[in-house]
1. Select from the stretch 139-163 the residues that are small (G, A, S) and either touching a residue at least 24 places away in the same chain (Cβ under 8 Å) or surrounded by 12 or more Cβ atoms within 10 Å (Cβ to Cβ) (or both) and list them in ascending order.
2. Which residue pairs have Cβ atoms closer than 8 Å, lie 6 or more positions apart in sequence or on different chains, and pair a first residue in the stretch 183-195 that is under 15 Å from L151 (Cβ atoms) with a second residue that is surrounded by fewer than 13 Cβ atoms within 10 Å (Cβ to Cβ) and of a type outside the set (V, I, T)?
3. Condition test on D188, is it more than 19 Å from the chain's Cα centre (by Cα) and either of a type in the set (S, T, Y) or within 16 Å of the ligand (Cβ to nearest atom) (or both)?
4. Determine whether the stretch 79-86 contains at least one residue that is among the charged types (D, E, K, R) and touching a helix residue (DSSP H, G or I) at 6+ places or on another chain (Cβ under 8 Å).
5. What's the number of the only condition in (1) closer than 19 Å to L43 by Cβ; (2) more than 15 Å from the ligand (Cβ to nearest atom); (3) among the polar types (S, T, N, Q) that S161 fails to meet?
6. Check D124, D27 and return the single one that is of a type outside the set (G, A, S) and either closer than 30 Å to E190 by Cα or within 16 Å of the ligand (Cβ to nearest atom) (or both).
7. Restrict the check to the stretch 167-174 and report whether at least one residue is modelled with pLDDT of 95 or more, exposed (fewer than 15 other Cβ atoms within 10 Å of the Cβ), closer than 30 Å to Q116 by Cβ and among the polar types (S, T, N, Q).
8. Hey, can you tell me all the residues within the stretch 84-119 that are closer than 23 Å to D158 by Cα, of a type outside the set (A, V, I, L, M, F, W, C), without any contact (Cβ under 8 Å) to a residue 60 or more places away in the chain and away from the ligand (no atom under 11 Å from the Cβ)?
Amino acid sequence: MAKLMHISASPRNSDSESLAIAATFVDAYREAHPGDEIEHWDLWDGTLPAFGPTETDAKMTLVRGGTPTGEAHEAWEAVVAAFHRFDAADRLLFSVPMWNAGIPYVLKQFIDVVSQPGLLWGFDPQTGYLPLLQGKKAAVVYTSAVWAPGLPPAFGTDFQSTFFDDWLRWAGITDITAIRHHPTVLGDVEDSRQTATAAAREAAKTF
Ligand SMILES: Cc1cc2nc3c(=O)[nH]c(=O)nc-3n(C[C@H](O)[C@H](O)[C@H](O)COP(=O)(O)O)c2cc1C
């Protein structure tokens, strides 16, 4: 039995384009894989640990070969628990709005929390980073309202999918399906929404 985890980064609830497209994906996935477990991790629900001074202290202590103690030890346990929550799923659906050309800060926070040495990555001084995640695949719903492929730079630059795709590959997730909804301001929003929704439904059937 596989486990699908939907990790969502839009706080806009019923107004959200990415959540609506992801909901179609999840419904179609459930229909096609009735025995699979499905979990939704809304990154705004307060369960994602912070990654501030105590957590960075713990991380750098570990990177230097030490052992975090006291407050840093406790903070690190929460970070490791968040990694294992994420790592328990072999199929991942991310819904990712474009915010200021990049990703919402809560998704960057998620990346900073789960991207840990010995868990998500290793390092070889001769060859560089070593991705540690194995056997996972990801579908990613990307949305924006101004930027769209093919528009001039005045409409923005895509640091959203370029950054996120790079993070997935760095972590070892190379089987990636992108589902895009980029209607831009003068575009046909409904047409773009329907195309993305159909793509989500199709992708979910064989995911
Ligand atoms: C804080 C914020 C920043 C945004 N920045 C951009 C941007 O740089 N480029 C763009 O095309 N759209 C931008 N948008 C528009 C969103 O990408 C668009 O509304 C998208 O549908 C949001 O996804 P959601 O509906 O799932 O929340 C921004 C929206 C918000 C709330």
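1. Correct list: A139, S144, A145, A148, G156, S161.
2. Correct list of pairs: P183/D191.
3. Numbers: more than 19 Å from the chain's Cα centre (by Cα): yes; either of a type in the set (S, T, Y) or within 16 Å of the ligand (Cβ to nearest atom) (or both): yes.
Considered against the rule, which asks whether it is more than 19 Å from the chain's Cα centre (by Cα) and either of a type in the set (S, T, Y) or within 16 Å of the ligand (Cβ to nearest atom) (or both), D188 comes out as yes.
4. no
5. Failed condition: (2).
6. Values: D124 fails: either closer than 30 Å to E190 by Cα or within 16 Å of the ligand (Cβ to nearest atom) (or both).
So the residue among D124, D27 that is of a type outside the set (G, A, S) and either closer than 30 Å to E190 by Cα or within 16 Å of the ligand (Cβ to nearest atom) (or both) is D27.
7. Checked against the condition, which is being modelled with pLDDT of 95 or more, exposed (fewer than 15 other Cβ atoms within 10 Å of the Cβ), closer than 30 Å to Q116 by Cβ and among the polar types (S, T, N, Q), the stretch 167-174 yields at least one hit.
8. Listed by number, the residues that qualify are K108, S115.
The values are calculated or read from the model by the stated rules, or taken from the named source; none is laboratory data. Source: prediction; values computed, not measured. All Cβ positions, even for glycine, are placed from backbone atoms using ideal geometry, and neighbour counts span all protein chains on display.
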